[in-house]
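See structure below.
Values in this text are rule-based calculations from the coordinates and carry no lab data. All values reported here derive from a predicted model rather than from experimental measurement. With ideal geometry, Cβ positions are generated from the backbone for all residues, glycine too; neighbour counts draw on all protein chains shown.
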Amino acid sequence: MSVSAPVFFTEARRLIDWVEQTQMPKIQEGARLLAESLAKEGVVHIFGTGHSQAFAMEMAGRAGGLVPMDMISLQDLCSRAGLPWSVLEDPTLERDPQWGLKVLATHDVRPQDAFIIVSNSGRNGSTVEMALEVKRRGLPLIVVTSMAHSREVASRHPSGKKLYDIGDVVMDNGGPYGDAMLEMEGTGSKVCAVSSITGAMIAQALTAEITRLLLLQGMTPPVLVSANVDGSDEWNNRLREKYRGRITA
């Protein structure tokens, strides 16, 4: 496969189409679980490490997004739990199961809440441990992962489990093993990662479907307005007040 911008657009569109054609039932089922949580005044907590944080950023605190979305990240160990910022310098931090529980402890999780956990590989200890804890608490769990990648690697969690073993609904972002799409001929290496692109499509599709379901119930979905629109601060602050202390503003 040649490497160029037009080739990348072609391949990315192909993968987006694949996600739409194969994952829509799971997107709709996941949205149903999440809408049920929001209808009960729950919060959806979203966790990912590395570039998987981008999924949470698509859904939490973004213009056009729903207010009761809470982004969880390893940075919360420092910003919320008071650990020194130097702990984030460890590139293997996400592999250690203990950090999944410690970062979860910095958030207000209630019985009516739900979770989305995102990991391309689905193998690392922190994400798997958090997923297991979510299910120990009996909360709905949506997983977004690359099945092609996850099936090729061993778990880094003592249980031997990967994310796709734990989720109530498991969505495949369609990414290839290693995430990068375009092979550089004669090198054996690939460039242009794609999981963030399909992940963003899944995230926004979930937002759209959750909104549709809430509207069908006669509810007015609490939607954020861009901070660069006049009057948005008053609007957004009023909506966020209901979830004070439960979401990352």
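Of note:
- Taking the inverse of the mean 1/r over every pair of distinct Cα atoms in the stretch 1-69 gives a Kirkwood hydrodynamic radius of 14.5 Å.
- Beta bridges by DSSP in the stretch 5-241, antiparallel share as percent, to the nearest 5: 25
- You can think of it this way: the chain between T187 and E89 has 32.2 nm of extra reach, that is 0.36 nm per residue less the Cα-Cα gap.
- Radius of gyration over Kirkwood radius for the stretch 119-186, both on Cα atoms: the Rg/Rh ratio is 1.06.
- Extension gain for M24 to E234 (0.36 nm times residue separation, less C-alpha to C-alpha distance): 72.0 nm.
- At 1.002 mPa s and 20 °C, Stokes diffusion of the stretch 61-207 via Kirkwood alpha-carbon radius, µm² per second: 131
- Using C-alpha pairs under 8 Å with a sequence gap of at least 6, the mean separation divided by the residue count of the stretch 3-137 gives a relative contact order of 26 percent.
- Value of relative contact order over the chain, rounded to a whole percent, pairs C-alpha under 8 Å and six or more apart: 26
- For the stretch 198-249, diffusion coefficient by Stokes-Einstein and Kirkwood Rh (Cα), 4 °C, 1.567 mPa s, µm²/s: 102
- For Y243, Y177, the sequence from fewest to most other C-beta atoms within 10 Å is Y177, Y243.
- Potential extension, R151-T10 segment - 0.36 nm per residue separation minus Cα distance: 48.2 nm
- Dividing the Cα radius of gyration of the chain by 2.2 N^0.38 Å, with N the residue count, gives 1.02.
- Fraction of the pair-distance distribution of the stretch 154-207 above 19 Å, Cα-Cα pairs, percent: 49
- Note on the stretch 5-241: with charges restricted to the Cβ of Lys and Arg (+1) and Asp and Glu (-1), its dipole about the Cα centre is near 500 debye.
- Residue-averaged [θ]222 nm for the chain, counting only DSSP H segments that reach four residues, each worth -39500 (n - 2.57): -13000 deg cm²/dmol
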